[in-house]
Amino acid sequence: MVEFALVAPTLLLLCFGTLEFSLLLFGSTAGRYAADQAARAASEAGSNPAADLITVAAVRGTALGSTSIVNVSEVDIYKVNLVNGSLQQDTALVNRYQLDGTPIGTPQWLANQRSTSASRPEFLGVTIRYSYRWKEGLLSSFLPPVNLTSTSWVRLEPQNF
């Protein structure tokens, strides 16, 4: 009994720590998958006026948007410029949305302004900002939530040639 009383707290800490790490890893992996799926959906939607709503709906359709393991605070959709052979985010053309599709501020890069021409392709980026709150009470009392971001960039698919 004495040995168990000495070892049990350490064993429980290891078990709960493994569980917390697994949930955090799941949230991080789900975020990367959601960003990739959202970028793919945005690429296919092209200059469709509802392209941003389709993109946010793609995030909601993944585990990131349909579970409560993480809290999504923002989905950013923005133009990415090809500069000297490398991709760089255009900080002036960013649309920010909540997970339910409500815009945060005024969208700066409307979907109908996006080029889907094969002769002049444009690139698009999706960044998802989300946080993981510790589930186990002991960790949540002295550790702050972990803020995470997942980003994916893609070329808009040509819709006219």
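Points worth noting:
- Each of Val154, Gly17, Gly137 was scored by the projection of its Cα onto the charge dipole of the chain, and the greatest displacement toward the positive side belongs to Val154; charges sit on the C-beta of Lys, Arg, Asp and Glu.
- Separation of alpha-carbon centers, the range 1-42 and the range 93-161, rounded to whole Å: 24
- Helix axis angle, 2-45 relative to the chain longest principal axis, alpha carbon, degrees: 10
- Note: the range 2-155, Cα convex hull, 129 Å³ per residue.
- Amide H to amide H distances under 5 Å link Asp90 with Lys79, Val80, Asn81, where only residues 5 or more positions off or on other chains count and H is placed in the peptide plane.
- Restricting the range 45-127 to chymotrypsin sites (Phe, Trp or Tyr not before Pro) that sit in a DSSP loop and have at most 11 other Cβ atoms within 10 Å of their own Cβ leaves nothing.
- Ordering Ser73, Ser43 by the number of other Cβ atoms within 10 Å of each residue's own Cβ, fewest first, gives Ser73, Ser43.
- Per-residue ellipticity at 222 nm computed for the chain from its helices equals -13000 deg cm²/dmol, with DSSP H segments shorter than 4 residues left out and the rest contributing -39,500 (n - 2.57).
- Gaussian network model of the chain, springs between alpha carbon atoms under 10 Å - residue of Asn48, Asn84, Asn112 with greatest fluctuation: Asn84
- On Cα atoms only, tilt of 51-60 relative to the major axis of the chain in degrees: 20
Computed from the coordinates by the stated procedures, all read-outs in this text should not be read as laboratory data. Treat the numbers as computed from the prediction; the structure is a model and nothing was measured. Positions of Cβ are generated from backbone atoms using ideal geometry, with glycine treated the same way; all protein chains shown enter the neighbour counts.
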